[in-house]
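The values are calculated or read from the model by the stated rules, or taken from the named source; none is laboratory data. What you are looking at is a predicted structure, and each value in this text was computed from that prediction instead of being measured. With ideal geometry, Cβ positions are generated from the backbone for all residues, glycine too; neighbour counts draw on all protein chains shown. Areas reflect the complete protein model, heavy atoms only, side chains present, ligands, DNA and RNA absent. Shrake-Rupley method; radii C 1.70, N 1.55, O 1.52, S 1.80 Å.
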Amino acid sequence: MISRVAEQCFWMARYLERVENTARVLEVNRTLLLDFHVPVEQQWQPLLIISGIHDYEGDPSAEAVQEYMTWERDNPFSIISSLFWARENARIIREVISGEMWERLNYYHLWMQGTAGREAYDSNRHEFYSQVRRINQLLHGIADTTMSHGEAWEFFKLGTHLERASQTARIMDVKYHTLLARAEDIGTPVDNAHWVAILMSCSGYEPFHKKARSAPIDPGTAVAEFLIYDEQFPRSIRWCLWESESAATAAAGNPVGRARTPVETQIAALLAWLDARTIHTIVRDGLHEALTHVVDAVHHVGEAIHSTFFAPEVLVPKAAPAGAAQSQKGSTQTQTLGTMTQTQG
């Protein structure tokens, strides 16, 4: 499998995951602010920080941030931009994905680019964000049942779960750390409401409440433990890292005696770092510091994926023997393993 195809499978999945994540946090934040008073400067700014946008120059009001995170084409984290790049990557590798997946992805791309999406946004914001979330869920279902589960599928899984691990850590860190920085608020109804919002932003509200617990634990610590360590919830950091490690191993192949790639090594190191701690030690030493470590480590894994699987490697042929120089003249070529057609973030 050439590196160009692998890279575009990987980034198609990451962009699709960003579409759903952005729609969910925008909708959850709107709902939270209807029920609780939050200082104006802390209402919408955290959503920009979650996406890594620290240089937003406008007024972070409700409408301005929703417009920017939904419709701004120059914002690489907006819904319309992420969907565009997911579709663009899919267009280039149509021979890998199924016709059904391409048809549905292209349909939603045109829906967002045309007037129908904008009309839905203006008339019923809740239904619009719900529809956007269903885009990603439907496309993942189609991919699972119509794509061959070979190398392309493994890179699709790798992109999906690596993005989820990063987003779960970002939501827990920035949303809670920014909105609730006062120690006296811990354990209050407002505190609990913020933890509920975090669960809903990660699609974890129902799974969290359906999970049996053997010992009583305060709500904040329980939610943090669930979103970091749960072994069954498909958006917990540990689960996403397990799936990422499995996909990276399958993508690299598994011949007898094969050395682990830097990608597998870094993911395993992050899992070992988590397993060496409990939620109580993480809370004691600083939840913010732990989640920052996870975000940084996932970023380094992404760099390792690029250098291991996607970066072009130039193989220069060995020099011909002295007597064979003339016969080899004009036939020596530089062989390139893998090509990169675009730089994506």
Kindly indicate whether residue 87 is assigned to a helix (DSSP H, G or I), open to solvent by 20 Å² or more (accessible area, probe 1.4 Å) and touching a Leu at 6+ places or on another chain (Cβ under 6 Å).
-> yes
Working only within the range 250-273, note down all residues that are assigned to a helix (DSSP H, G or I), within 19 Å of residue 310 (Cβ to Cβ) and not hydroxyl-bearing (Ser, Thr, Tyr).
-> 250, 251, 252, 262, 263, 264, 266, 267
When only residues in the range 244-263 that are in contact with a Ser or Thr (Cβ under 6 Å, 6 or more places away or on another chain) and open to solvent by less than 50 Å² (accessible area, probe 1.4 Å) count, which is nearest to residue 148 (Cα to Cα)?
-> 252
Quick count over the range 30-61, residues being at pLDDT 80 or above, more than 24 Å from the chain's Cα centre (by Cα) and part of a helix (DSSP H, G or I), is 0
Residue 228: closer than 16 Å to residue 297 by Cβ, in contact with an Asp or Glu (Cβ under 9 Å, 6 or more places away or on another chain) and hydrophobic (A, V, I, L, M, F, W, C), yes or no?
-> no
Taking the range 115-131 and keeping only residues that are open to solvent by 10 Å² or more (accessible area, probe 1.4 Å), part of a helix (DSSP H, G or I) and not hydroxyl-bearing (Ser, Thr, Tyr), one is left with 116, 118, 119, 120, 122, 125, 126, 127, 131
Among the residues of the range 190-249, the number that are part of a loop (DSSP other than H, G, I, E, B), modelled with pLDDT of 85 or more and acidic (Asp, Glu) is 2
Restrict the check to the range 105-114 and report whether at least one residue is surrounded by 15 or more Cβ atoms within 10 Å (Cβ to Cβ) and in a loop (DSSP other than H, G, I, E, B).
-> no
Could you grab me the full set of residues in the range 1-36 that are buried (at least 24 other Cβ atoms within 10 Å of the Cβ), within 30 Å of residue 253 (Cα to Cα) and of a type in the set (Asp, Glu)?
-> 7
Answer yes or no: is there a residue in the range 133-147 that is modelled with pLDDT of 95 or more, basic (Lys, Arg) and either more than 20 Å from residue 234 (Cα to Cα) or part of a helix (DSSP H, G or I) (or both).
-> no
Within the range 51-84, work out how many residues are open to solvent by 30 Å² or more (accessible area, probe 1.4 Å) and more than 23 Å from residue 114 (Cα to Cα).
-> 10
Go through (1) surrounded by fewer than 19 Cβ atoms within 10 Å (Cβ to Cβ); (2) within 16 Å of the chain's Cα centre (by Cα); (3) farther than 22 Å from residue 25 by Cα and name the single condition residue 297 misses.
-> (1)
Among the residues of the range 132-149 satisfying the criterion of being in contact (Cβ under 8 Å) with a residue 40 or more places away in the chain and open to solvent by 10 Å² or more (accessible area, probe 1.4 Å), which is farthest from residue 2 (Cα to Cα)?
-> 133
Could you figure out which of (1) surrounded by fewer than 18 Cβ atoms within 10 Å (Cβ to Cβ); (2) over 30 Å from residue 137 (Cβ atoms); (3) at pLDDT below 95; (4) not basic (Lys, Arg) isn't true of residue 272?
-> (3)
Tell me which residues, restricted to the range 274-306, are outside any helix (DSSP H, G or I) and either closer than 17 Å to residue 240 by Cα or among the hydrophobic types (A, V, I, L, M, F, W, C) (or both).
-> 276
Considering residues of the range 275-287 that are open to solvent by less than 40 Å² (accessible area, probe 1.4 Å) and touching a residue at least 24 places away in the same chain (Cβ under 8 Å) only, the residue nearest to residue 236 (Cα to Cα) | 279
Of the residues that sit in the range 203-225 and are hydrophobic (A, V, I, L, M, F, W, C) and either open to solvent by less than 70 Å² (accessible area, probe 1.4 Å) or in contact (Cβ under 8 Å) with a residue 60 or more places away in the chain (or both), which one is farthest from residue 236 (Cα to Cα)?
-> 215
